[in-house]
1. So which residues in the stretch 404-443 are acidic (Asp, Glu) and over 22 Å from Ile372 (Cα atoms), if there are any at all?
2. Being assigned to a helix (DSSP H, G or I), more than 44 Å from the chain's Cα centre (by Cα) and loosely packed, with under 14 Cβ neighbours inside 10 Å: is that true of Leu366 here?
3. With within 30 Å of Lys244 (Cβ to Cβ), outside the structural domain of Gly248 (by TED's automatic domain parsing), more than 46 Å from the chain's Cα centre (by Cα) and touching a residue at least 12 places away in the same chain (Cβ under 8 Å) as the only criterion, which of Ile81, Ile120 stands out?
4. Looking at the stretch 192-233, which of the residues that are assigned to a helix (DSSP H, G or I) and under 19 Å from Gly159 (Cα atoms) is modelled with the lowest pLDDT?
5. Scan the stretch 243-263 and report the pairs whose first residue is within 11 Å of Val224 (Cβ to Cβ) and at pLDDT 80 or above and whose second residue is surrounded by fewer than 20 Cβ atoms within 10 Å (Cβ to Cβ) and of a type in the set (Lys, Arg), with Cβ atoms within less than 9 Å and a gap of 6+ or a chain change.
6. Scanning the stretch 135-171 for residues that are surrounded by fewer than 13 Cβ atoms within 10 Å (Cβ to Cβ) and out of contact with any helix residue (DSSP H, G or I) (no Cβ under 9 Å at 6 or more places or on another chain), which turns out modelled with the lowest pLDDT?
7. Applying the selection to the stretch 390-409, what residues are out of contact with any helix residue (DSSP H, G or I) (no Cβ under 8 Å at 6 or more places or on another chain) and either surrounded by 19 or more Cβ atoms within 10 Å (Cβ to Cβ) or more than 15 Å from Ile503 (Cβ to Cβ) (or both)?
Amino acid sequence: MIDRKKKSILLIDDNPVNNNLVASILMPQGYEIYIVDNGRSGLELAAELIPDIILLDIMMSDINGFQVCKHLKSKTSTRNIPVIFITTDSATETQIKSFQMGGSDFITKPIVDVVLIERIKHQIKLSEHSQWLETINRYHELAEHFSDLGFWACQNVSGPSTFTASKQFCEILKPHQNTDCREARFDLGVFNNIIEASNHTALTNQLKKRWAACVKDGGMFDEVCHYPLYNGKKFIRIWAQFTKETSGCINAFGAIQDITQVINTENELAALKTKFAEITTRQQMIEANTQLAHELNQPLAAINLNVSYIRQLIESTPAADNHKMREALSDIESDVARANNIVLNTRRILKKEPVAIKTFDLNQLLEETIRIFNRDLLQKNISLFYDPKEDTCMIRSNRTGLQQVIVNLLKNAIEAFASMKIESPVIEVQIVRHNKEIHILISDNGPGIPEAEKDSVFRQYYTSKKGNTGMGLGISKALMQEVDGDIQLVPPPPGKSTCFKVIVRK
């Protein structure tokens, strides 16, 4: 593996004596030396290593140095590697052809160590300078495409330096609004002015130290600083890349950008997010209260109905029918417990606590839930059929949530009959096993749901009934999805107009 901390030299020569001599001269100078004894191997290794310098013999057994150099210069990856020809042929024609083939220098044998060392140093310095200029030009061209990006470059930052900057750079940092940017003169010290202008003392000292370290030893600087432009505070982003060359000098280039509008927009967005969060919290509370009122409406109505029934029993006979009263009081207790569970479930949702999963008998839950509507069904002359096919049907789910879903569906079916006179209103509840799922089908022969409204029934706040909140089916959908289940509107069986399928996954 090549050590990128050292400059690498590839020697292509089929003379082992010359190879040993060159290696003995250059290795003490701190170079990484790689040697091959033929042109084809030299081309392969050059493409793999991309060395800093290639020393190339002209006369070799397989292909000569001119052919090797021509091939190197034809490839994008190796064309910029300086090639120094080394040969015993000192003829003028040979030297001319060496440069025509793309060679950077020419050394004749026998090799003089001082000459070889100085020629290599010179080529490395020229190569570094060429690479730096090429990089600068690429970034300058890129910067010209962005009207708000001010490109700059500085060669030899610690000595007699050359500072260049784009038109955008001058426009961003011109001292006064009405000053022609061509009259502004800048050097590397302008960045110290920007950093020192920051009104945050601790941060300013930290940035000054980092900037000074980059100027001294190389590195990258990328920070946003305050700067007093045009009688106001501006936010200037400074990006800089400092590169320490082998010669010891440090070159730098980078860009500045006025991002004041971006920072101000971000601050405004942050304020809007805070305000939106407050509004969202209030909205959630409103929705929670609406949901709670909606869910509590049915058990409270059932309690009121049972209280009225008990009052009728007391008034109808001097000796009240204790058995019927006990049944009514038992129903009231169940309704109160269910209302309490609804409150607890709503509180859990608001606190974003995990759902409580329990194992229970679905048959028992359905019978208990249907019993809630017994008096309502009797008063409205509605028949409800539920015939469990098995003694037990054990499932794991959110018992309170599932009961809320069944209550919503049965209540909706009962209310639907009120909108249209049906001769023999019927609601049917079925349990169907399907692979690893339990399907609860609730169907009725009421007025049905218009085709145009079927896609909207689960949307929160949607309702086709006057005075309704439109939250029941939306809540039911959310409750089932919370336990990896679902609720769907499906084609009804024969003789029915509406059918909902509640999916409980085991």
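1. Of everything in the stretch 404-443, those that are acidic (Asp, Glu) and over 22 Å from Ile372 (Cα atoms) turn out to be Glu423, Glu437.
2. Judged against the criteria, Leu366 is not a match.
3. After applying the criteria, what remains is Ile120.
4. Asn192
5. Every condition considered, the pairs that remain are Ile256/Arg237; Gln257/Arg237; Asp258/Lys234; Asp258/Arg237; Ile259/Lys234; Ile259/Arg237; Thr260/Lys233; Thr260/Lys234.
6. Among residues in the stretch 135-171 that are surrounded by fewer than 13 Cβ atoms within 10 Å (Cβ to Cβ) and out of contact with any helix residue (DSSP H, G or I) (no Cβ under 9 Å at 6 or more places or on another chain), the one modelled with the lowest pLDDT is His145.
7. Ser397
Listed here are the residues, each with its yes/no results for (1) surrounded by 17 or more Cβ atoms within 10 Å (Cβ to Cβ); (2) touching a Ser or Thr at 6+ places or on another chain (Cβ under 9 Å); (3) of a type in the set (D, E, K, R).
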residue: Lys411; (1), (2), (3): yes, no, yes
residue: Lys421; (1), (2), (3): no, no, yes
residue: Val429; (1), (2), (3): yes, yes, no
residue: Arg433; (1), (2), (3): no, no, yes
residue: Ala452; (1), (2), (3): no, no, no
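The values are calculated or read from the model by the stated rules, or taken from the named source; none is laboratory data. In this text the structure is predicted, and so the values were computed from the model without any measurement. Note that we place each Cβ from the backbone using ideal geometry, even for glycine, and neighbour counts take in every protein chain shown.
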